[in-house]
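The values are calculated or read from the model by the stated rules, or taken from the named source; none is laboratory data. All figures in this text were calculated on a predicted structure; none of them were measured in a lab. For neighbour counting, all protein chains shown are included, and Cβ atoms are generated from backbone atoms with ideal geometry for every residue, glycine included.
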Amino acid sequence: MLRSIRYGEADRILHLYTPYHGRLSAIAKGARRARSRFGARLEPFFHVRAVLHEGRSDLLTVTGVDTIAANGALREHAATLDAAARACDAVTRLFETTEPHPEVFQLLANELRLLGSDAAQARPGNGLAFRLKLLLAAGIVPQLAACTVCGETEHLSGFSGAAGGVVCNACEAGAFSLSEDAYGFLVSALGSPLAQAPNGAELALRQVERAIGDTAEHHAHVRLRPLLAG
């Protein structure tokens, strides 16, 4: 469940992300009534199995729902609650159609599970690693093995969102500086499970966030919400 919005006197509009139908919107009629058959299962960050009816409206209608995972523990800390909201927001922005991406569904479910099982997973490194893996699923992951302009494999000291990845000293016009720590984070985060996402110094993480944001903006025309304050 990506988002739940109050609608009318007793209904809810739901934004869902599904493994085989991408992002869907549905209405749960009467969901906010005290004796609703849906109970509290239609809240953000729940992993549910929903039965949806397609009628004349653009919105599907929820006719049944079972909880697979409530991920309730992530609501106990402001940091994990915020991290979960930003993860869902990133999925919403990068994958806004009904095109199926089962790997994105599994990635989000895994992220919410991690946040619910360990509050330490709310650290910035985890959120950045999650976004990098989303870029990979979207087919716009930055090139890191060689300069995106000339193919040089050494002296990769800059990053260009427009070019699509790292650049070398000779091609860094228009790029921003990328430290060795930031480069190492990008490589490690892509190659590691979310549960083992690296962390780093603030400067490196800010460079990583800029690299991710510039890539999303140039190649998906999406502006992601900042993860790091300031």
Among the residues of region 87-112 satisfying the criterion of being assigned to a helix (DSSP H, G or I) and out of contact with any Leu (no Cβ under 9 Å at 6 or more places or on another chain), which is surrounded by the most Cβ atoms within 10 Å (Cβ to Cβ)?
F105
Among (1) under 26 Å from Y20 (Cβ atoms); (2) assigned by TED's automatic domain parsing to the domain that holds L227, where does A145 come up short?
(1)
I need the full set of residues from region 60-76 which are crowded, with 16+ Cβ neighbours inside 10 Å and not small (G, A, S), in order please.
L60, V62, V65, N71, L74, R75
Hits in region 194-230 - residues which are farther than 16 Å from V141 by Cα and free of Cβ contacts under 8 Å to residues at least 24 places away in the same chain
Q196, A201, R206, P226, A229, G230
Only unsatisfied item for I68, checking (1) in a strand (DSSP E or B); (2) in contact with a Pro (Cβ under 7 Å, 6 or more places away or on another chain); (3) not basic (K, R), is (2)
Can you find, within region 1-40, the residue that is surrounded by the most Cβ atoms within 10 Å (Cβ to Cβ) among those that are of a type outside the set (S, T, Y) and touching a Gly at 6+ places or on another chain (Cβ under 7 Å)?
D11
Could you list, ordered by first residue, the pairs with Cβ atoms under 9 Å in which the first is in region 43-66 and more than 18 Å from F105 (Cα to Cα) and assigned by TED's automatic domain parsing to the domain that holds A31 and the second is exposed (fewer than 14 other Cβ atoms within 10 Å of the Cβ) and charged (D, E, K, R), at least 6 apart or interchain?
L60/E54; T61/E54; G64/R37; G64/R49
Residue satisfying all of: in region 13-58; under 22 Å from R75 (Cα atoms) and among the charged types (D, E, K, R); nearest to the chain's Cα centre (by Cα) among these:
E43
Those residues that are in a loop (DSSP other than H, G, I, E, B) and under 13 Å from L16 (Cβ atoms), I need them from region 32-50; list them, please.
R41, L42, E43, P44, F45, F46
Return the pairs, sorted by first residue and then second, in which the second residue is outside any loop (DSSP other than H, G, I, E, B) and hydrophobic (A, V, I, L, M, F, W, C), the first residue lies in region 169-189 and is in contact (Cβ under 8 Å) with a residue 60 or more places away in the chain, the beta carbons are less than 6 Å apart, and the residues are 6+ apart or on different chains.
F185/A204; F185/V208; A189/A129; A189/L132
Quick one: in region 188-219, of everything that is surrounded by 18 or more Cβ atoms within 10 Å (Cβ to Cβ) and part of a loop (DSSP other than H, G, I, E, B), which residue is farthest from the chain's Cα centre (by Cα)?
G200
So E154, is it surrounded by fewer than 21 Cβ atoms within 10 Å (Cβ to Cβ) and over 22 Å from the mean Cα position of the chain (by Cα)
yes
